[in-house]
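Here's the structure, in structure tokens; my notes come after.
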């Protein structure tokens with residue numbers, strides 16, 4: 001762990017001090033927690049989302065042909081259904 005020094009205005013210091021006392025922890029721990037949430041939380045969320053996304057199309061045996069897929073979308077009565085016919 002590394003030590004750092006922060007300059008906090010009186011209002012922020014009082015808020016942190018009050019919160020630390022009510023939670024029975026230190027101001028330092030509150031700051032570490034806030035930094036973790038702000039700068040590492042998003043990374044963890046992104047990693048989780050990517051892990052959930054990987055393999056979403058595992059059931060497909062062959063790669064998808066993009067041209068054929070778009071042509072299939074354009075075929076049929078899709079426009080009629082869109083206009084309520």
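The values are calculated or read from the model by the stated rules, or taken from the named source; none is laboratory data. A quick note: this is a predicted structure, and the numbers were derived from the prediction, not measured. Here the Cβ is made from the backbone with ideal geometry for all residues, glycine too, and neighbour counts use every protein chain on show.
One table, with the values for the structure above:
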| item | result |
| --- | --- |
| Options 16, 8; residue that is touching a helix residue (DSSP H, G or I) at 6+ places or on another chain (Cβ under 6 Å) and modelled with pLDDT of 75 or more | 16 |
| Identity of the residue in segment 29-85, within 30 Å of residue 13 (Cα to Cα) and loosely packed, with under 10 Cβ neighbours inside 10 Å, that ends up modelled with the lowest pLDDT | 43 |
